[in-house]
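Q: Provided herewith is a single structure, encoded as structure tokens, for subsequent inquiry.
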Amino acid sequence: ELPENWTDTRETLLEGMLFTLKYLGMTLVEQPKGEELSAAAVKRIVATAKASGKKLQKVTLKVSPRGIVLNDGGTNELIENVSIYRISYCTADKIHDKVFAYIAQNQLNENLECHAFLCPKRKM
């Protein structure tokens, strides 16, 4: 839950904000950014997640000026640490209003990946 004045606290901005989300999945994309591109990617990810019928993985996502740190919600094990320089796009999806997604370049193979997450609330 964000306090009303969360933007006033410098520590929060520097240290990062922690969100508890569910990981929907990832798909490869052709371009580093674009609303239509990310919307299509999110649509694919949501469809795949629904079709699999599996329970979504709970994760904690920390957003800071350094980038995004993703940890397993149960074990707190590091899943991924994405440098801000590798993130090309972030969006709250228009159709799926509880979905947050970002596009980042994979460190190992240079692929552009769109990762999507399900938020507990639309405002988040």
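Q: Being surrounded by fewer than 16 Cβ atoms within 10 Å (Cβ to Cβ) and either acidic (Asp, Glu) or more than 22 Å from Leu18 (Cβ to Cβ) (or both) narrows it down to one of Lys94, Lys58, Lys121, so name that one.
A: When all the criteria are applied, what remains is Lys94.
Q: Looking at the structure I just gave you, is Lys43 in a helix (DSSP H, G or I), at pLDDT below 95, more than 18 Å from Lys123 (Cα to Cα) and open to solvent by 70 Å² or more (accessible area, probe 1.4 Å)?
A: no
Q: Regarding the range 97-111, can at least one residue be identified that is open to solvent by 40 Å² or more (accessible area, probe 1.4 Å) and of a type in the set (Gly, Ala, Ser)?
A: No.
Let's see how each residue does on (1) closer than 17 Å to Leu24 by Cα; (2) out of contact with any helix residue (DSSP H, G or I) (no Cβ under 8 Å at 6 or more places or on another chain); (3) touching a residue at least 60 places away in the same chain (Cβ under 8 Å):
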position: Val46; (1), (2), (3): yes, yes, yes
position: Thr75; (1), (2), (3): no, yes, no
position: Ile84; (1), (2), (3): no, yes, no
position: Gln105; (1), (2), (3): no, no, yes
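Q: Regarding Val63, is this residue under 18 Å from Gly16 (Cα atoms), within 12 Å of the chain's Cα centre (by Cα), at pLDDT 95 or above and assigned to a strand (DSSP E or B)?
A: no
The values are calculated or read from the model by the stated rules, or taken from the named source; none is laboratory data. Not measured: the values here are computed from a predicted model. Glycine also receives a Cβ, built like all others from the backbone with ideal geometry; neighbour counts cover every protein chain displayed. The area values use the complete protein model at the heavy-atom level, side chains included, leaving out ligands, DNA and RNA. Shrake-Rupley method; radii C 1.70, N 1.55, O 1.52, S 1.80 Å.
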